[in-house]
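The values are calculated or read from the model by the stated rules, or taken from the named source; none is laboratory data. As the structure is a prediction and not an experimental result, all values here were calculated from the model. Here the Cβ is made from the backbone with ideal geometry for all residues, glycine too, and neighbour counts use every protein chain on show. Each accessible area value is taken on the protein alone, full model and side chains, heavy atoms only, with ligands, DNA and RNA left out. Shrake-Rupley method; radii C 1.70, N 1.55, O 1.52, S 1.80 Å.
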Amino acid sequence: MKYPNTLDLNTYRAYMCARHLNRDKTRQLDAINLDWDLNVPEPLKVLCLKAIADSWMTVPYFRELPLCEDRQYLLDLLDLNFPLETLCARVRSDAFWKRAFHHRWRTFVPIEVGSKPWIRIYLEQHLAELVEHLKPNEYDQESVKRIVDLCSPFVRELRLERLQPSLSDNSDHVPLDAVLANLRRLQRISVTYDVKDVGHNFFLGCATITEMDVKLMTQGLERCGELTEFRLHSSKLEPTMMKRISAALGKGCPQLRTIAFPHCRCGDIGLRAFCDSIKPHSFPNIREVVLTNNFLSPESVQELTWRLRHRRIEKLDLRLNPILTEGAMFIITSVFYMPLQELNLSCCSIDEQIEEYLLMLIRFNDTIKRLDISSNRLSPAMGERLLQRVYENKTLQQLDLRNTDISYDVRAIIDEVILENRDPHSLHTW
């Protein structure tokens, strides 16, 4: 008996209580054994479905089958090694593509599955794996374009955690212009120009992003009209690169909501180059800016806040930047001009001189829900005054004060007061 792929095996185990059944060795039929019908002739319908599965390459019948149960049985019989072009054109079943995904990536667990169709999850991982393992000297634009065109109708998100560098001195990576330009429905992209395994081909600079890498990437970004999220991780960006990226995103991505450059070490000059390319009509829908660990100073933060104050920013992440108390003052002052809901100033070398601005923020601001100022040198006495202001704030839902010299008892009381502001139905998201 063929065990149906759509039925969870744990369900079968939960409802089968073998110890309460009479296991008579002399009976001819054992209903618990799934192989009890090995000697029983198969129905004609099953034989036909097996014949269709065996000859599916030449006669790909699927939608022609009238009954849903027959289609499902056929999907259980289909070989997972059939050409991807044929499967994408004929099969949309979530059960089949889920089985294909877990068969190919047995130890990989996809994130943020939610209500995504499994054909999308499969093809997004397939394309990401192809690009990550493609070597520059083996790059063929026509073959890559053929695969991208196959995946393009389904791919909405592309996560590249590494890219293979060239073995020559220029250390250029695989060009992304053809990939991005043909993913017309791409909404989210996350790229890291880094390597995880170089072996004996290692050389200094093999994990460094080059001007040619940025030029080709931005050429593809200019054609991603539906892009809403752009993240570039752990790649040392020069000012010219930041300027080119800013121009491409502002020109070709009007729907962009998230810009993130975590651990890119762009510095003040790089951030200034990015801001110089921003025009008044650029990034009209931007909501989230992440600049974690980019060696930013108070001067660059002041210019950044001036650029963002008339945009509807909801999240600003500046942690691990030495902006000092002066830079934090600029940020807190500009918060009243933006509908900011989340602000992260962790590990920013802020001291107790920020007390007046911080108390003003907690008392008068009615938009911020999450505030992180952990790992800064605040005074123990500030905790008591913060507690008094927290009682007056009915919007704040998370305040991180760890490693700030504020006592644990005061922080516990603050957390308890803030907990009352949270929606009980959304506690699982924190």
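Select from the range 74-86 the residues that are open to solvent by 30 Å² or more (accessible area, probe 1.4 Å) and either modelled with pLDDT under 80 or outside any helix (DSSP H, G or I) (or both) and write down the one among them that is farthest from residue 143 (Cα to Cα).
Among those that are open to solvent by 30 Å² or more (accessible area, probe 1.4 Å) and either modelled with pLDDT under 80 or outside any helix (DSSP H, G or I) (or both), it is 79.
Cβ-Cβ below 7 Å, separation at least six or inter-chain, first residue in the range 205-224 and within 18 Å of residue 238 (Cα to Cα), second open to solvent by 40 Å² or more (accessible area, probe 1.4 Å) and not aliphatic (A, V, I, L, M): which pairs?
207/194; 208/236; 209/236; 210/170; 211/240; 214/244; 215/244; 218/244
So which residues in the range 363-381 are open to solvent by less than 30 Å² (accessible area, probe 1.4 Å), under 14 Å from residue 414 (Cβ atoms) and at pLDDT below 95?
378
Are any of the residues in the range 238-256 surrounded by 17 or more Cβ atoms within 10 Å (Cβ to Cβ), touching a residue at least 40 places away in the same chain (Cβ under 8 Å) and in contact with a strand residue (DSSP E or B) (Cβ under 7 Å, 6 or more places away or on another chain)? Quick ask: steps written out before the conclusion?
The first filter runs over the range 238-256 and keeps only residues surrounded by 17 or more Cβ atoms within 10 Å (Cβ to Cβ), leaving 238-239, 241-250, 252-253, 256.
When the remaining residues are screened for being touching a residue at least 40 places away in the same chain (Cβ under 8 Å), the result is none.
No.
In the list 411, 402, 385, which residue meets the criterion of being over 19 Å from residue 343 (Cα atoms), in contact (Cβ under 8 Å) with a residue 12 or more places away in the chain and basic (Lys, Arg)? Explain how you work it out, then say what you get.
Working: 411 fails: over 19 Å from residue 343 (Cα atoms); 402 fails: over 19 Å from residue 343 (Cα atoms).
It is 385.
Here is a check on your reading of the model: is residue 89 open to solvent by 20 Å² or more (accessible area, probe 1.4 Å) and without any contact (Cβ under 8 Å) to a residue 40 or more places away in the chain? So that I can check it myself, show each step before the final result.
Values: open to solvent by 20 Å² or more (accessible area, probe 1.4 Å): yes; without any contact (Cβ under 8 Å) to a residue 40 or more places away in the chain: yes.
It is true that residue 89 is open to solvent by 20 Å² or more (accessible area, probe 1.4 Å) and without any contact (Cβ under 8 Å) to a residue 40 or more places away in the chain.
Test residue 346 against the stated conditions and say whether it is out of contact with any helix residue (DSSP H, G or I) (no Cβ under 9 Å at 6 or more places or on another chain), open to solvent by 40 Å² or more (accessible area, probe 1.4 Å) and among the hydroxyl-bearing types (Ser, Thr, Tyr). Step through it out loud before you land on a result.
Values: out of contact with any helix residue (DSSP H, G or I) (no Cβ under 9 Å at 6 or more places or on another chain): yes; open to solvent by 40 Å² or more (accessible area, probe 1.4 Å): no; among the hydroxyl-bearing types (Ser, Thr, Tyr): yes.
So residue 346 does not fit the description; no.
When only residues in the range 376-403 that are part of a loop (DSSP other than H, G, I, E, B) and hydrophobic (A, V, I, L, M, F, W, C) count, which is farthest from residue 420 (Cα to Cα)?
Residues of the range 376-403 part of a loop (DSSP other than H, G, I, E, B): 376-379, 391-397, 401-403.
Subsequent filtering for residues that are hydrophobic (A, V, I, L, M, F, W, C) retains 378, 396, 401.
Details: 378: 25, 396: 10, 401: 18 Å.
Selected residue: 378.
Which condition breaks for residue 57 when tested against (1) at pLDDT 75 or above; (2) assigned to a loop (DSSP other than H, G, I, E, B); (3) open to solvent by less than 50 Å² (accessible area, probe 1.4 Å)?
(3)
Among the numbered criteria (1) closer than 26 Å to residue 188 by Cβ; (2) surrounded by fewer than 19 Cβ atoms within 10 Å (Cβ to Cβ); (3) hydrophobic (A, V, I, L, M, F, W, C), which one does residue 155 miss?
Residue 155 satisfies all of (1) closer than 26 Å to residue 188 by Cβ; (2) surrounded by fewer than 19 Cβ atoms within 10 Å (Cβ to Cβ); (3) hydrophobic (A, V, I, L, M, F, W, C) except (2).
Filter the range 147-193 down to residues that are closer than 30 Å to residue 114 by Cβ and either at pLDDT below 90 or not acidic (Asp, Glu) (or both), then give me how many there are.
Looking only at the range 147-193, we keep the residues that are closer than 30 Å to residue 114 by Cβ, and these are 147-163, 174, 176, 178-193.
Right, trim to either at pLDDT below 90 or not acidic (Asp, Glu) (or both) and you get 147-148, 150-156, 158-160, 162-163, 174, 176, 178-193.
Qualifying residue count, the range 147-193: 32.
Can you pull out the residues in the range 119-136 that are open to solvent by 30 Å² or more (accessible area, probe 1.4 Å) and in a helix (DSSP H, G or I)?
120, 125, 126, 129, 130, 133, 136
Within the range 319-338, identify whether any single residue is within 22 Å of the chain's Cα centre (by Cα) and open to solvent by less than 70 Å² (accessible area, probe 1.4 Å), and answer yes or no.
Initial filter on the range 319-338 (within 22 Å of the chain's Cα centre (by Cα)): 319-320.
Checking which are open to solvent by less than 70 Å² (accessible area, probe 1.4 Å) leaves us with none.
The answer is no, given that none of the residues of the range 319-338 is within 22 Å of the chain's Cα centre (by Cα) and open to solvent by less than 70 Å² (accessible area, probe 1.4 Å).
Output the qualifying pairs, or none if there are none: Cβ atoms under 8 angstrom, residues six or more apart or on different chains, first residue in the range 67-85 and at negative phi, second residue among the aliphatic types (A, V, I, L, M) and part of a loop (DSSP other than H, G, I, E, B).
Every condition considered, the pairs that remain are 71/65; 74/65; 75/91; 78/91; 82/57; 83/57.
Report yes if some residue within the range 207-230 is part of a helix (DSSP H, G or I), touching a Lys or Arg at 6+ places or on another chain (Cβ under 7 Å) and surrounded by fewer than 23 Cβ atoms within 10 Å (Cβ to Cβ); otherwise report no.
Our first condition is that a residue be part of a helix (DSSP H, G or I); within the range 207-230, this holds for 211-221.
From the residues that got through so far, the ones that are touching a Lys or Arg at 6+ places or on another chain (Cβ under 7 Å) too are 214-215, 218.
Applying the additional criterion that residues be surrounded by fewer than 23 Cβ atoms within 10 Å (Cβ to Cβ) yields 215, 218.
Yes.
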